[in-house]
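To start, the structure under review is shown below, and the notes come after it.
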Amino acid sequence: VMRLLPAEVAAADLPALRVRDEHAVFQVPLGLDDVELAPLWHDFDQTPHLMAFGDTECGKTNLLRYLARAVTDRYEPDQAKVLFADPRRELQDIIPTEYQIGYAVAADSLAGTVSEAAELLTPRLPGPEITPDRLARRDWWDGGRLFIVVDDAELLEGGMSSPLQPLLSLLPQGHDIGLHLIVARSTSGAGRAMMDPVMRRLWELGTPALLFSCPKDEGSFLGNLRPRELPPGRAQFVNRRRTVRLVQTPRFGA
């Protein structure tokens, strides 16, 4: 008998976070996949960033709320901070204020905060003296990890440069310096948005993406992945190997 994905998955029904050791970030179940009907894990330690695209009311913001809360479940406030970029102010109360390092609702304020963050993170870049075993331990810098969570990214676009531009040179070594960028945006104009240097760099780095419901006439913008109209919370997941899975993301209550 063929088993089908459930129409809804509660966050409480998914396994707890996986924590390998004190140096690892964490692995988060993004939902149930359609192949094994088992949790689909995202390892932020190995793959530091994540993208999500979708039409309105498809589940993107719900996913961001779930991931932000996962950060606070894994870390103490001195171990991780979250910088929100949220023009619609839908994430404001999801985590305690002691975890929040900034809350931007406009492109100019986000650009300033991101620029300051990039200045703090740049000294963490590993020099030639850092051996492979030290890369795994991340013992050459102190301080917490930074998770930058961007919702409705399309509302922050349109200027001469992306407010996330200061992160461009840091993204490839996000896992070494404790930088994690999670970006969600509408599928409207997504093909054009993928020409943005930051979004293009994320894709070139093999950053996994979740494509929620999207009108078919939008066309393909994540490689050959074709848009599909899907029920709320369901998305096509594509990873660095360009393997595609259908996943039902968790419903998350505040």
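Let's see how each residue does on (1) among the hydroxyl-bearing types (Ser, Thr, Tyr); (2) open to solvent by less than 40 Å² (accessible area, probe 1.4 Å):
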| residue | (1), (2) |
| --- | --- |
| LEU5 | no, yes |
| LEU32 | no, yes |
| ALA52 | no, yes |
| LEU67 | no, yes |
| THR72 | yes, yes |
| GLN100 | no, no |
| GLY112 | no, yes |
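Taken together, the residues in region 62-113 that are among the acidic types (Asp, Glu) and in contact with a Pro (Cβ under 6 Å, 6 or more places away or on another chain) amount to 1. Among the criteria (1) touching an Asp or Glu at 6+ places or on another chain (Cβ under 9 Å); (2) surrounded by 14 or more Cβ atoms within 10 Å (Cβ to Cβ); (3) over 20 Å from ASP176 (Cα atoms), the one ASN62 does not fulfil is (1).
Condition check ((1) within 16 Å of the chain's Cα centre (by Cα); (2) on the phi > 0 side of the Ramachandran plot; (3) in a loop (DSSP other than H, G, I, E, B)) across all residues:
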residue	(1), (2), (3)
VAL198	yes, no, no
ARG201	yes, no, no
ASP217	no, no, no
SER220	no, no, yes
GLU229	no, no, yes
PHE237	yes, no, no
ARG242	no, yes, yes
ARG245	no, no, no
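Does ASP142 satisfy being over 21 Å from the mean Cα position of the chain (by Cα), part of a helix (DSSP H, G or I) and among the acidic types (Asp, Glu)? The answer is no for ASP142.
Checked against (1) open to solvent by 10 Å² or more (accessible area, probe 1.4 Å); (2) in a loop (DSSP other than H, G, I, E, B), GLY206 passes all but a single condition, namely (1).
For every residue, the table says whether it meets (1) free of Cβ contacts under 8 Å to residues at least 12 places away in the same chain; (2) in contact with a Leu (Cβ under 6 Å, 6 or more places away or on another chain); (3) of a type in the set (Lys, Arg).
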| site | (1), (2), (3) |
| --- | --- |
| HIS175 | no, no, no |
| ILE182 | no, yes, no |
| ALA193 | no, no, no |
| ARG200 | yes, no, yes |
| GLY206 | no, no, no |
| LYS216 | no, no, yes |
| GLY223 | no, no, no |
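Among the residues making up region 153-177, those that are in a loop (DSSP other than H, G, I, E, B) and either within 13 Å of the chain's Cα centre (by Cα) or buried (at least 21 other Cβ atoms within 10 Å of the Cβ) (or both) are SER162, PRO163, LEU164.
A single member of PHE84, PHE26 is aromatic (Phe, Trp, Tyr), farther than 18 Å from ASP152 by Cα, surrounded by 14 or more Cβ atoms within 10 Å (Cβ to Cβ) and in contact with a Leu (Cβ under 8 Å, 6 or more places away or on another chain), and it is PHE26.
With respect to the stated conditions, SER213 fails to be at pLDDT below 90 and either under 16 Å from the mean Cα position of the chain (by Cα) or assigned to a loop (DSSP other than H, G, I, E, B) (or both). Taking the listed residues ARG89, ARG145, ARG138, ARG134, the one that is open to solvent by less than 40 Å² (accessible area, probe 1.4 Å) and either without any contact (Cβ under 8 Å) to a residue 40 or more places away in the chain or at positive phi (or both) is ARG138, with no other qualifying.
The values are calculated or read from the model by the stated rules, or taken from the named source; none is laboratory data. Note that the structure is predicted; figures quoted are calculated from it, not measured. So basically every Cβ, Gly included, is an ideal-geometry build from the backbone, and we count neighbours across all protein chains shown. Surface accessibility is based on the protein's heavy atoms, side chains included, excluding ligands, DNA and RNA. Shrake-Rupley method; radii C 1.70, N 1.55, O 1.52, S 1.80 Å.
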